[in-house]
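Q: One structure follows; several queries about it will come next.
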């Protein structure tokens, strides 16, 4: 934590900065997948009709994950005939948004899905909401320090001339890899002892910085 440094200006302004740190829990997770399948036409809706994707969407629905939680992010097509051939092979990149409590069952479904690679897992945090109580806490600390400093010089805090805050957090993306490479989802099933570093929940640090210019008077 950066030490606070009060400065007393000639106009009776006392500037105090406070840095505080807290934790925020993930509200959801995104699974980044690649499915090898077939697709005749480009487009999100058309790709979702590929047999391999339909099977995955149906299986996920059984775990409470609706089709609206599955998004197609990229498609790479290859064909031995023309670009508009009906039997084009496709590598379809998907994201699946799940609640933390859904992860065990969803990972079980993925382990039974052929032609599927689990690229990574991304935790999603509501950082703005988490910053609100932490910023308020930092403001309380700033006022306490301002009162103490003003009293030490025989003055009191009479108002606030200016205040600002900012917050930051570590990157929320958390790779889910096996020996440094994307994981075939079936290895989750075949290697039950593999440590994935995943506890089906996650939290990270959020840092808040508050700067307040307090007005002082007698």
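Q: Identify, from the list 58, 23, 17, the residue that is modelled with pLDDT of 85 or more, in a helix (DSSP H, G or I) and surrounded by fewer than 19 Cβ atoms within 10 Å (Cβ to Cβ).
A: 58
For (1) modelled with pLDDT of 85 or more; (2) in contact with a helix residue (DSSP H, G or I) (Cβ under 9 Å, 6 or more places away or on another chain), each residue gets a yes or a no:
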| residue | (1), (2) |
| --- | --- |
| 85 | no, no |
| 89 | no, no |
| 99 | yes, no |
| 116 | no, yes |
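Q: Among the residues of region 144-153, is any more than 15 Å from the chain's Cα centre (by Cα), outside any helix (DSSP H, G or I) and modelled with pLDDT of 85 or more? Show your work before the answer.
A: The first filter runs over region 144-153 and keeps only residues more than 15 Å from the chain's Cα centre (by Cα), leaving 144-153.
In the following step, the residues that additionally are outside any helix (DSSP H, G or I) were identified as 153.
Cutting the leftovers down to modelled with pLDDT of 85 or more gives us 153.
The answer is yes, given that some residue of region 144-153 is more than 15 Å from the chain's Cα centre (by Cα), outside any helix (DSSP H, G or I) and modelled with pLDDT of 85 or more.
Q: Exactly one of these conditions fails for residue 73: (1) more than 19 Å from the chain's Cα centre (by Cα); (2) modelled with pLDDT under 85. Give me its number.
A: (1)
Q: Any idea which residue in region 31-55 is modelled with the highest pLDDT, counting only those that are buried (at least 20 other Cβ atoms within 10 Å of the Cβ) and within 25 Å of residue 101 (Cβ to Cβ)?
A: Pass one, region 31-55, residues buried (at least 20 other Cβ atoms within 10 Å of the Cβ): 31, 33, 35, 37, 39, 47, 50, 53.
With the extra rule that they be within 25 Å of residue 101 (Cβ to Cβ), the set shrinks to 31, 33, 35, 53.
On the way: 31: 91, 33: 88, 35: 84, 53: 80.
By that ranking, first place goes to 31.
The values are calculated or read from the model by the stated rules, or taken from the named source; none is laboratory data. What you are looking at is a predicted structure, and each value in this text was computed from that prediction instead of being measured. Cβ atoms come from the backbone with ideal geometry, glycine included; neighbour counts cover every protein chain shown.
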